[in-house]
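Read through the structure below, which is laid out as structure tokens, and then see the notes.
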Amino acid sequence: MPSKDKILSLIQEEGVDFLRLQFTDILGTVKNVSIPAHQAAKAFEDGIYFDGSSIEGFVRIQESDMRLNPDPDTFAILPWRSRREDSTVSARLICDVINTTTGEPFKGDPRYVLKRAIARAKDMGYDMNAGPEPEFFVFEKDEKGRATTETHDHGGYFDLGPKDLAQEIRAEIIYMLESMGFEVEASHHEVAPGQHEIDFKYADALTTADNIATFRSVVRAVAELHGVHATFMPKPISGINGSGMHTHISLFGDDGNAFHEEEDEFGLSETAYQFLAGVLEHAPAITAICNPTVNSYKRLVPGYEAPIYVAWSDVNRSALVRKPAARGPNASRIELRSPDPSCNPYLALAVMLHAGLDGIEKELECPGPVRENIYDFTEEDRIERGIETLPGTLGQAIKALNEDEVILDALGPHIASKFTEAKTHEYTEFLASVSQWELDQYLETF
Ligand code: GLN
Ligand code: MG
Ligand code: MG
Ligand code: MG
């Protein structure tokens with residue numbers, strides 16, 4: 001854990017010119033304010049003040065002064081900045097946002113919402129570990145430098161070069177991530193043309209959320225350096241797979257992995273089943289957070305390895321939760337397959353954790369696994385087996401969120417209302433917009 005003094009000397013040694021103080025808005029967009037590196041000591045001492053009124057979902061004009069407190073654990077030099085010749089050296093620090101009136105953490109800071117979830121888990125004797133599998137597309141740009149939907153290659157699942165044209169790009173992403181302290185576990189070409197996945201090692205929930213935010217910046221920056229565009233939009237092209245961000249979850253207690261039970265058929269403990277039951281119970285509401293865009297729901301359709309039914313399985317990938325084959329004191333975990341990489345990682349991990357903890361607290365009973373391909377189920381099959389569906393649109397997801405007190409509490413009233421407001425606006429605008437599909441269907445027909 002780097003102390004403030006250690007960081008101050010690193011700034012000297014590495015010749016850092018600027019510090020980017022970062023935080024995330026409610027929608028998951030990374031924001032930053034840059035300060036000259038000689039202000040670092042002051043930033044650690046007093047924080048840095050900024051006007052929060054212009055940040056999406058933050059505060060009203062009359063109470064707009066906010067303070068950023070840099071978290072020394074998150075110091076990292078931004079490698080893609082220094083790759084450019086004669087460019088300045090920048091480092092980033094992820095910050096907590098403080099309400100200057102009360103001196104307390106700002107209730108609208110997603111990082112604080114996650115810290116609250118982590119504290120609840122801690123009170124119950126657990127630490128959450130999370131390992132994400134973010135997927136993304138790489139697209140060509142047009143003459144004007146704007147992103148197109150022409151995929152950068154035509155490779156498929158686990159393809160090698162020359163079909164996989166992005167090996168260089170992925171390699172550079174991985175080197176940069178490693179220079180920032182990531183432990184990358186695997187990377188591969190995904191199922192769809194131009195689609196890739198890079199998996200980094202699981203960590204505690206806060207580190208993982210910070211890592212996801214950093215990961216998205218690195219991927220986009222490296223693509224930019226290669227003259228292509230990387231996107232975490234969940235479903236940029238209909239008819240082929242979209243991009244998910246499967247998230248592996250486990251809880252650790254004093255005796256190690258609280259999800260592991262050697263004797264169990266699936267290697268899962270009672271605690272794991274209760275957690276899983278909580279995730280299933282709150283699945284409709286957490287969808288609003290884990291799948292927060294209009295486009296997210298174009299991914300959650302049958303036939304593309306994305307879940308639509310609220311069930312778990314040890315064998316098939318059409319279920320919402322999968323029990324990976326790996327088992328053992330270090331490996332027993334569950335994989336939530338609904339999240340997509342457009343989510344706010346702090347809020348997403350917070351609601352997943354609260355949902356599971358609620359299951360443990362209420363000792364919810366977990367249904368058995370579903371072994372069939374659920375995409376093939378008829379409506380009667382589903383109803384008979386009590387399998388619910390995930391919300392089919394952003395509008396339905398917001399409704400489900402607003403009917404779930406546990407998840408609303410997880411977000412706190414500030415974020416719950418700002419999030420609902422922003423997303424209702426987004427969905428209403430979408431409903432009123434005229435799409436290319438409609439023009440193709442109706443323009444010449446009527
Ligand atoms: N892209 C798929 C999804 O949307 C996942 C594919 C895979 O990782 N096997 O979730
Ligand atoms: Mg994977
Ligand atoms: Mg994948
Ligand atoms: Mg997976």
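The set of residues in segment 178-187 being crowded, with 17+ Cβ neighbours inside 10 Å and within 11 Å of ligand 3 (Cβ to nearest atom) consists of Ser187 alone.
The C-beta contact set for segment 94-108 (first residue open to solvent by 20 Å² or more (accessible area, probe 1.4 Å), second residue part of a loop (DSSP other than H, G, I, E, B) and among the aromatic types (Phe, Trp, Tyr), distance under 7 angstrom, 6+ apart or interchain) comprises Asn99/Phe106. If only residues of segment 306-320 that are among the hydrophobic types (A, V, I, L, M, F, W, C) and in a loop (DSSP other than H, G, I, E, B) are counted, the one that is farthest from the chain's Cα centre (by Cα) is Val315.
The C-beta contact set for segment 221-249 (first residue farther than 14 Å from Ala166 by Cα and of a type in the set (D, E, K, R), second residue at pLDDT 95 or above and in a loop (DSSP other than H, G, I, E, B), distance under 6 angstrom, 6+ apart or interchain) comprises Lys235/Gly242; Lys235/Asn295. Identify the single condition in (1) crowded, with 20+ Cβ neighbours inside 10 Å; (2) within 16 Å of ligand 2 (Cβ to nearest atom) that Ile174 does not satisfy, given that it satisfies every other one. Ile174 satisfies all of (1) crowded, with 20+ Cβ neighbours inside 10 Å; (2) within 16 Å of ligand 2 (Cβ to nearest atom) except (1).
List every residue pair whose Cβ atoms lie under 6 Å apart, where the two residues are 6 or more positions apart in sequence or sit on different chains, the first residue falls within segment 321-336 and is in a loop (DSSP other than H, G, I, E, B), and the second residue, located anywhere, is within 13 Å of ligand 2 (Cβ to nearest atom) and at pLDDT 90 or above. From segment 321-336, the pairs are Pro324/Glu335; Arg333/His248.
Can you tell me which condition Asp127 does not meet? The list is (1) within 20 Å of the chain's Cα centre (by Cα); (2) assigned by TED's automatic domain parsing to the domain that holds Met233; (3) open to solvent by less than 40 Å² (accessible area, probe 1.4 Å), and all the others hold. Only one criterion is unmet by Asp127, namely (3). The residue list Ala311, Ala348, Ala326 contains one member that is touching a Lys or Arg at 6+ places or on another chain (Cβ under 9 Å) and buried (at least 23 other Cβ atoms within 10 Å of the Cβ), which is Ala311. Within segment 214-248, the set of residues being open to solvent by 10 Å² or more (accessible area, probe 1.4 Å), in contact with a helix residue (DSSP H, G or I) (Cβ under 7 Å, 6 or more places away or on another chain) and aliphatic (A, V, I, L, M) comprises Ala221, Leu225. Screening segment 142-247 for strands (runs of 3 or more DSSP E) wholly inside it with 3 or more residues that are within 16 Å of ligand 1 (Cβ to nearest atom) returns the ranges 184-189, 195-200. One residue stands out in segment 155-164 among those that are away from ligand 2 (no atom under 16 Å from the Cβ) and loosely packed, with under 12 Cβ neighbours inside 10 Å: the one that is modelled with the lowest pLDDT, namely Pro162.
What number of residues within segment 333-359 are polar (S, T, N, Q) and away from ligand 4 (no atom under 16 Å from the Cβ)?
Number of matching residues: 2.
Residues are listed down the side, and each one gets a yes or a no for (1) among the aromatic types (Phe, Trp, Tyr); (2) touching a residue at least 40 places away in the same chain (Cβ under 8 Å); (3) in contact with an Asp or Glu (Cβ under 8 Å, 6 or more places away or on another chain); (4) away from ligand 4 (no atom under 16 Å from the Cβ):
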| position | (1), (2), (3), (4) |
| --- | --- |
| Arg111 | no, yes, yes, yes |
| Ala121 | no, yes, yes, yes |
| Gly125 | no, yes, yes, yes |
| Pro132 | no, yes, yes, no |
| Glu140 | no, yes, yes, yes |
| Gly145 | no, no, no, yes |
| Glu172 | no, yes, no, yes |
| Glu183 | no, no, no, yes |
| His189 | no, no, yes, no |
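For segment 37-50, give me the residue count where each residue is in contact with a strand residue (DSSP E or B) (Cβ under 7 Å, 6 or more places away or on another chain) and open to solvent by 50 Å² or more (accessible area, probe 1.4 Å). Adding up the residues that qualify gives 1. For first residues located in segment 432-444 and free of Cβ contacts under 8 Å to residues at least 40 places away in the same chain, partners that are part of a loop (DSSP other than H, G, I, E, B) and lie 6+ apart or on another chain with Cβ distances below 9 Å form the pairs Trp437/Ser238.
The values are calculated or read from the model by the stated rules, or taken from the named source; none is laboratory data. Fair warning: this is a prediction, and the values are worked out from it, not measured in the lab. Counting neighbours? That spans all protein chains shown, and the Cβs are built from the backbone with ideal geometry, glycine included. Ligands, DNA and RNA are excluded from the accessible area calculation, which covers all protein heavy atoms including side chains. Shrake-Rupley method; radii C 1.70, N 1.55, O 1.52, S 1.80 Å.
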